[in-house]
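Some notes on the structure that comes next.
The values are calculated or read from the model by the stated rules, or taken from the named source; none is laboratory data. All of these numbers come straight from a predicted model, not from anything done at the bench. Positions of Cβ are backbone-derived with ideal geometry, glycine not excepted, and every protein chain shown enters the neighbour counts.
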Amino acid sequence: MLKDNKIIILAYISALLGVCGHASSEFFVKLSGISGVEVSVWRFGLGGLALLFLCIFIPNSRNLIEPLRKSPFPIILLSIFGMAFGQFLFHWALDFATVVQVATMVTIMPIGVVFVARIVEKTRITTPKIISGIGAFLGCVFLLTDGYLEQLSGNKNNLIGIYLSIGCALIGSIYLVLVKPYVNEYGPVRMTTYTFVLGFFALYPSIGLIWGIWVNPLDLFDRPSLEYLSIITLGVWNTCIAFILWLWGLSKIPDVTRGNYLFFLKPVIALCLAFFILDDKITINQLIAIFVITSFVIVEIFYTPISRIIKIHVK
């Protein structure tokens, strides 16, 4: 029993570190000093390379050819138009909105999964999930209001960034539901490797043709040290290591649903990084959005004991 408790504690720590990896990705995108569209190519290239090396060291993930032979079109389409496109919108959003705004909007992705699963898998939406949905909606309202106020003052960037973040969250929600059977069959490491490797080969020419940015890998170390170290960190830590920590932690936590709630700490972590390191200005609306979303999620987590207490007092 003691050994099991230690594993569970380590699992929560591992999952929390994975969340820190998710939350700090916005931070390193900003520190890279390059546009979101360009940093997407760097992250997908370095992240995909790191994941390929990881597959070599994991026996169950070495065979990358067989899944492509069995399910080529779903894997390719989900990899390119699923999470890869969503991640691209996420990076692009950071060219317009602040770290806190993007992090908060992307946090609604797990809630979006609930509603997409209802449509695709006919999964029942419980009362606690409705509560979380209300909280996410109110959080969006506060952030959209914040963007609208910026627009009235002559700056439309924040609003554009928020819309791109919403697009990222929606695409990510759809991807996470549709990719589930393939993750169960081929494993999460291989499916994530496909996402970043195939995503790189789709993004590189697209960004080159549309934006005229042809990334040269040989130019990486010609940049200032802070910039190239941030790019490498995005590829190795945020894309590969943090992802594995997140997956391992969730696989060992007894209640995976509760483990996923750690993801809602993402905007809080991003806020701290933005405020203390990037010296970003934190608005009241951003603080309210974070408070509203996290508060409703906490209510969802403790919905059962709270409902029991209410019933006792009503009686």
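Does PHE73 satisfy the condition of being modelled with pLDDT under 90 and more than 14 Å from the chain's Cα centre (by Cα)? No; evaluated as a whole, the condition is false for this residue. Within the range 40-52, the presence of a residue that is closer than 23 Å to LEU229 by Cα, at pLDDT below 80 and crowded, with 24+ Cβ neighbours inside 10 Å is excluded.
Inspect all residues belonging to the range 53-76 and state whether any of them is farther than 20 Å from ALA169 by Cα, hydrophobic (A, V, I, L, M, F, W, C) and touching a Gly at 6+ places or on another chain (Cβ under 9 Å). Within the range 53-76, one or more residues are farther than 20 Å from ALA169 by Cα, hydrophobic (A, V, I, L, M, F, W, C) and touching a Gly at 6+ places or on another chain (Cβ under 9 Å).
Listed residues LYS252, LYS281; which is under 25 Å from GLY47 (Cβ atoms), at pLDDT 70 or above and not polar (S, T, N, Q)? Full working, then the answer.
Details: LYS281 fails: under 25 Å from GLY47 (Cβ atoms).
LYS252 is the lone residue from the list that is under 25 Å from GLY47 (Cβ atoms), at pLDDT 70 or above and not polar (S, T, N, Q).
Scanning the range 80-127 for residues that are touching a helix residue (DSSP H, G or I) at 6+ places or on another chain (Cβ under 7 Å), surrounded by fewer than 21 Cβ atoms within 10 Å (Cβ to Cβ) and assigned to a loop (DSSP other than H, G, I, E, B) yields ASP95, THR123, ILE125.
Taking first residues from the range 45-61 that are within 14 Å of PHE196 (Cβ to Cβ) and in contact (Cβ under 8 Å) with a residue 12 or more places away in the chain and partners that are part of a helix (DSSP H, G or I) and among the basic types (Lys, Arg), the Cβ contacts under 7 Å between residues at least 6 apart in sequence or on separate chains come to CYS55/ARG190; SER61/ARG190. So ARG62 fits all but one of (1) closer than 29 Å to THR283 by Cα; (2) modelled with pLDDT under 90; what number is the exception? If we test ARG62 against (1) closer than 29 Å to THR283 by Cα; (2) modelled with pLDDT under 90, just (1) comes out false.
The residues in the range 108-135 that are within 30 Å of SER35 (Cα to Cα), modelled with pLDDT of 75 or more and not hydrophobic (A, V, I, L, M, F, W, C) can be counted, and the count is 1.
Each row is one residue, and each column tells you yes or no for (1) at pLDDT 90 or above; (2) closer than 15 Å to SER32 by Cβ; (3) buried (at least 17 other Cβ atoms within 10 Å of the Cβ); (4) of a type in the set (Ser, Thr, Tyr).
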{"site": "TYR186", "(1), (2), (3), (4)": "no, no, yes, yes"}
{"site": "TYR194", "(1), (2), (3), (4)": "yes, no, yes, yes"}
{"site": "VAL197", "(1), (2), (3), (4)": "yes, no, yes, no"}
{"site": "PHE201", "(1), (2), (3), (4)": "yes, no, no, no"}
{"site": "TYR204", "(1), (2), (3), (4)": "yes, no, yes, yes"}
{"site": "GLY208", "(1), (2), (3), (4)": "yes, no, no, no"}
{"site": "LEU226", "(1), (2), (3), (4)": "no, yes, no, no"}
{"site": "THR233", "(1), (2), (3), (4)": "yes, yes, yes, yes"}
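The set of residues from the range 48-64 being of a type outside the set (S, T, N, Q), under 25 Å from GLN87 (Cα atoms) and in a helix (DSSP H, G or I) comprises GLY48, LEU49, ALA50, LEU51, LEU52, PHE53, LEU54, CYS55, ILE56. Contact map, the range 188-201: residues that are closer than 16 Å to ARG69 by Cβ paired with residues that are among the polar types (S, T, N, Q), Cβ distance under 6 Å, separation 6+ or inter-chain. Pairs shown: ARG190/SER61; TYR194/SER79; LEU198/SER79. Within the range 210-224, if we keep just the residues that are without any contact (Cβ under 8 Å) to a residue 60 or more places away in the chain and more than 16 Å from LEU49 (Cα to Cα), the residue that is surrounded by the fewest Cβ atoms within 10 Å (Cβ to Cβ) turns out to be GLY212.
Between ILE76, ILE8, ILE13, ILE34, which is outside any helix (DSSP H, G or I) and touching a residue at least 12 places away in the same chain (Cβ under 8 Å)?
On the way: ILE76 fails: outside any helix (DSSP H, G or I); ILE8 fails: outside any helix (DSSP H, G or I); ILE13 fails: outside any helix (DSSP H, G or I).
None of the others qualify; the one that does is ILE34.
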